[in-house]
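Report on the following structure.
The values are calculated or read from the model by the stated rules, or taken from the named source; none is laboratory data. This is a predicted model, so every value here is computed, not measured. Neighbour counts are summed over all protein chains in view; Cβ atoms, including those assigned to glycine, are modelled from backbone coordinates with ideal geometry.
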Amino acid sequence: MSKADTASAAGQWHLYVLECRDGALYTGISNDVARRYAAHLAGKGARYTRINPPQRIALVHPFADKSQALKAEYAFKRLSAAAKRQLVAGGDLGDWLAARTAPPEPAQ
């Protein structure tokens, strides 16, 4: 993924998912994914990625602000490994987020 692909507009935050050397998925948020990925590669990111360096950026999804990105990160981290992999493999993260925040249907 090129820097242009991950560059943020002013104020825009992203949820990102990295596939690590041990096969695990690491999830985080950033307003500059390319810079954050470089930090992970250089061993200056999270403790987990210092031990298990990332192999690739598996998913990036934009959000209007940090609060929305944090909420999505929290929800994504609560998914099972299989559900995370399904979203990374081509499931629609936008649809999943919309369904997660949709108001409940009225009882009949």
Original post:
Got a number for residues in the stretch 49-71 being assigned to a helix (DSSP H, G or I) and over 15 Å from the mean Cα position of the chain (by Cα)?
Top reply: 2
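Residues are listed down the side, and each one gets a yes or a no for (1) at pLDDT below 95; (2) in contact with a strand residue (DSSP E or B) (Cβ under 6 Å, 6 or more places away or on another chain); (3) not charged (D, E, K, R):
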| residue | (1), (2), (3) |
| --- | --- |
| Lys44 | yes, no, no |
| Pro54 | no, yes, yes |
| Ala75 | yes, no, yes |
| Leu79 | yes, no, yes |
| Ala83 | yes, no, yes |
| Gln86 | yes, no, yes |
| Asp92 | yes, no, no |
| Thr101 | yes, no, yes |
| Gln108 | yes, no, yes |
Original post:
Of the residues that make up the stretch 80-92, is at least one touching a Gly at 6+ places or on another chain (Cβ under 8 Å) and either part of a strand (DSSP E or B) or in contact (Cβ under 8 Å) with a residue 12 or more places away in the chain (or both)?
Top reply: no
Original post:
Can you spot a residue in the stretch 44-58 that is crowded, with 16+ Cβ neighbours inside 10 Å, without any contact (Cβ under 8 Å) to a residue 60 or more places away in the chain and under 17 Å from Leu93 (Cα atoms)?
Top reply: yes
Original post:
Can you name the residue in the stretch 1-28 that is of a type in the set (A, V, I, L, M, F, W, C) and farther than 19 Å from Ala89 by Cα and is also modelled with the highest pLDDT among such residues?
Top reply: Trp13
